[in-house]
Ligand code: AMP
């Protein structure tokens, strides 16, 4: 493994039974708090984007809330813009909403309706689990007239097979469990 991947993997903390029993939460706050590791993580995401998303997307779409941190830093590194996808009621202008299923019940995400019109987008989040959140974000982008060129994650929980919900677009993750 690339030494840099070993370095960032070591900064991800496992928190058992959060937010509920049986979930092993991958806590990226130690990675964010360590300057050299955070920079290395963005270096690796940028290299991966240059390899996988050709031509580079027009814009990066980050999912609230950890997707904002990695997505905005990556957008800056690539010299691209950033669009936030937020929980309902947070965005100030006209929004489009997409509901998605959770283990129990449903949740929803919103995007400004004019945010990605005619733009090629890469969707960014910290972690891909079942894929419901990223798939809902892809539907939002498409309903707002954007094109989904792919997905970029720091972590993928491969055993949950979330990428099967994301179609035949490139799905990239730095660290796979
Ligand atoms: P999913 O829709 O199941 O792919 O869940 C992805 C979203 O939930 C992402 O925004 C993650 O930040 C969060 N998430 C899901 N499972 C975990 C986990 N085990 N550790 C940390 N975050 C998680």
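The values are calculated or read from the model by the stated rules, or taken from the named source; none is laboratory data. All of these numbers come straight from a predicted model, not from anything done at the bench. In this analysis, Cβ positions are derived from the backbone assuming ideal geometry, glycine residues included, and neighbour counts consider all displayed protein chains.
For the reader, a short list of remarks on this structure follows.
- Only one entry of 155, 161 meets the criterion of being out of contact with any helix residue (DSSP H, G or I) (no Cβ under 8 Å at 6 or more places or on another chain), near the ligand (Cβ under 8 Å from one of its atoms) and at pLDDT 95 or above, and that entry is 155.
- Within region 64-90, residues that are in contact (Cβ under 8 Å) with a residue 12 or more places away in the chain and more than 15 Å from residue 111 (Cβ to Cβ) reach partners that are within 16 Å of the ligand (Cβ to nearest atom) and assigned to a loop (DSSP other than H, G, I, E, B) with beta carbons closer than 8 Å, at six or more positions or on different chains, in the pairs 66/28.
- Of residues in region 10-25 being outside any strand (DSSP E or B), surrounded by 11 or more Cβ atoms within 10 Å (Cβ to Cβ) and without any contact (Cβ under 8 Å) to a residue 60 or more places away in the chain, the one nearest to the ligand (Cβ to nearest atom): 23
- Only a single item in (1) in a strand (DSSP E or B); (2) away from the ligand (no atom under 12 Å from the Cβ); (3) modelled with pLDDT under 95 is not met by residue 150, and it is number (3).
- Members of region 126-143 that are surrounded by 21 or more Cβ atoms within 10 Å (Cβ to Cβ) and either more than 9 Å from the ligand (Cβ to nearest atom) or free of Cβ contacts under 8 Å to residues at least 12 places away in the same chain (or both): 137, 138, 140, 141
- Residue in region 93-110 that is in a loop (DSSP other than H, G, I, E, B), at pLDDT 95 or above and more than 15 Å from the ligand (Cβ to nearest atom) present: yes
- Among the criteria (1) under 30 Å from residue 44 (Cα atoms); (2) within 13 Å of the ligand (Cβ to nearest atom); (3) over 18 Å from the mean Cα position of the chain (by Cα), the one residue 117 does not fulfil is (2).
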